[in-house]
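Here the structure comes first, spelled out in structure tokens, and everything after it is commentary.
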Amino acid sequence: MEELQKTEIEFIRTAVGFLGERTNGDECVYCGEKLNKGEYCDCPHAEKINKHFKKIRKYTENLNAYITLGVSEKELRKKVKATCLTPQLFNGMGFDDYIVECESEKNAKETVLKYFEQAIYNFLYGKNLTLLGNSGTGKTMLQTILCNSLISRWFFSCKFVNAVDLKGEITRCFNSKSNKTVDEVVNRYKTADFLFLDDIDKLTPTDFVKEFIYTLVNYRIVNELPIITSANHTLEELDSQFYNEVIVSRLINNSPVVVFNHKNRRFQA
Ligand SMILES: [Zn+2]
């Protein structure tokens, strides 16, 4: 069987494993109403979970389009990677390349690896991941490995951006020669399956910065699209000095926070 089809079948099986079936034959499992093929029931129970099934459909429709075109697994992987722009410094690295020498590193690696292993759950329910710690402790490396792994394994559309670069990209839109609008830039980051936002506290928190971060984070939270963030400051500092309680609490709500408290400069980025 075609490799992409195998991926698709495994994706559906895992996702339905979390959600349960929504139909039994042509009937809604909750209220028994007859449904047309592909139709979503509008009874209250079904409405609670339809959004998750719509995510599965979006994922499979996207993959099916490539299968129909005869795109190989390798070609698709390359194509998705090309739109993501992870830091080249860590190209080709996997979880095995993140060497563990202390408890903090062990915990960091385990948490990020677990996030990867539960990728479909995190995708369906919009679970975030926050990495906090000093620079040089490997946050960017682990984020890059996670991002590349999500692409390699499941072909998720991922966007990886350093917050400072994102601000630069947005600011350039105000240049009269720019052919992009702020909305066009922000929309690309709004809708990716997974957004990696590195160093969110490297930005000076002006009203403009707070506003676009809020717009982006809020859109993704409301639509249950995961955000993986990293910062050098503690949650309290992020809260009081950079953004505000609303943004920070939304990022960490119900999602793991990894604290890198080792002082190690082996991972330069
Ligand atoms: Zn129903």
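If you go through region 11-20 and keep only what is within 16 Å of the ligand (Cβ to nearest atom) and either over 30 Å from Val80 (Cα atoms) or touching a residue at least 40 places away in the same chain (Cβ under 8 Å) (or both), you end up with just Leu19.
For the condition small (Gly, Ala, Ser) and in contact with a His (Cβ under 7 Å, 6 or more places away or on another chain), Ser152 does not qualify. Selection of region 131-150 for residues being farther than 14 Å from Phe95 by Cβ and buried (at least 22 other Cβ atoms within 10 Å of the Cβ) yields Leu131, Leu132, Gly133, Thr137, Lys139, Thr140.
Within region 35-56, the residues that satisfy the criterion of being within 10 Å of the ligand (Cβ to nearest atom) and not in a helix (DSSP H, G or I) are Leu35, Tyr40, Cys41, Asp42, Cys43.
Residues in region 24-34 that are surrounded by 12 or more Cβ atoms within 10 Å (Cβ to Cβ) and either more than 8 Å from the ligand (Cβ to nearest atom) or within 15 Å of Lys48 (Cβ to Cβ) (or both): Glu27, Cys28, Val29, Tyr30, Cys31.
Looking across region 1-34, the residues that are touching an Asp or Glu at 6+ places or on another chain (Cβ under 6 Å) and assigned to a helix (DSSP H, G or I) come down to Glu3, Leu4. Identify, from the list Asp193, Asp183, the residue that is touching a strand residue (DSSP E or B) at 6+ places or on another chain (Cβ under 7 Å) and charged (D, E, K, R). Just one listed residue meets the conditions, Asp193.
Within region 224-260, being among the polar types (S, T, N, Q) and either on the phi > 0 side of the Ramachandran plot or outside the structural domain of Tyr214 (by TED's automatic domain parsing) (or both) holds for one residue alone: Asn254.
Here's the yes/no breakdown for (1) of a type in the set (Phe, Trp, Tyr); (2) assigned to a helix (DSSP H, G or I); (3) over 24 Å from Phe11 (Cα atoms):
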residue	(1), (2), (3)
Lys81	no, yes, no
Val100	no, no, yes
Lys114	no, yes, no
Met141	no, yes, yes
Leu146	no, yes, no
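All of Gly94, Gly17 fail the test of being in the same structural domain as Gln143 (by TED's automatic domain parsing) and among the small types (Gly, Ala, Ser), apart from Gly94.
Residues that are outside any helix (DSSP H, G or I), under 19 Å from Val258 (Cα atoms) and more than 12 Å from the chain's Cα centre (by Cα) occur at least once in region 156-163. Which residue is nearest to Glu2 (Cα to Cα), if the candidates are limited to region 72-84 and must be touching a residue at least 12 places away in the same chain (Cβ under 8 Å) and surrounded by fewer than 15 Cβ atoms within 10 Å (Cβ to Cβ)? Top of the filtered list is Ser72. Among the residues making up region 220-235, those that are under 17 Å from Lys167 (Cβ atoms) and touching a Lys or Arg at 6+ places or on another chain (Cβ under 9 Å) are Ile227, Ser230, Ala231, Asn232.
The residues on offer are Thr130, Thr60, Thr68, Thr111, and the sole one that is under 21 Å from Leu4 (Cβ atoms), within 18 Å of the chain's Cα centre (by Cα), of a type in the set (S, T, N, Q) and more than 16 Å from the ligand (Cβ to nearest atom) is Thr60.
The residue of region 1-10 that is nearest to the ligand (Cβ to nearest atom), among those that are in contact (Cβ under 8 Å) with a residue 24 or more places away in the chain and charged (D, E, K, R), is Glu8. Tell me, please, whether a residue that is small (Gly, Ala, Ser), within 21 Å of the chain's Cα centre (by Cα) and assigned to a strand (DSSP E or B) can be found in region 229-247. There is at least one residue in region 229-247 that is small (Gly, Ala, Ser), within 21 Å of the chain's Cα centre (by Cα) and assigned to a strand (DSSP E or B).
The values are calculated or read from the model by the stated rules, or taken from the named source; none is laboratory data. Quick caveat, the model's predicted, so the values are computed rather than measured. Reconstructed Cβ throughout: ideal geometry from the backbone, glycine too, with neighbour counts over all protein chains shown.
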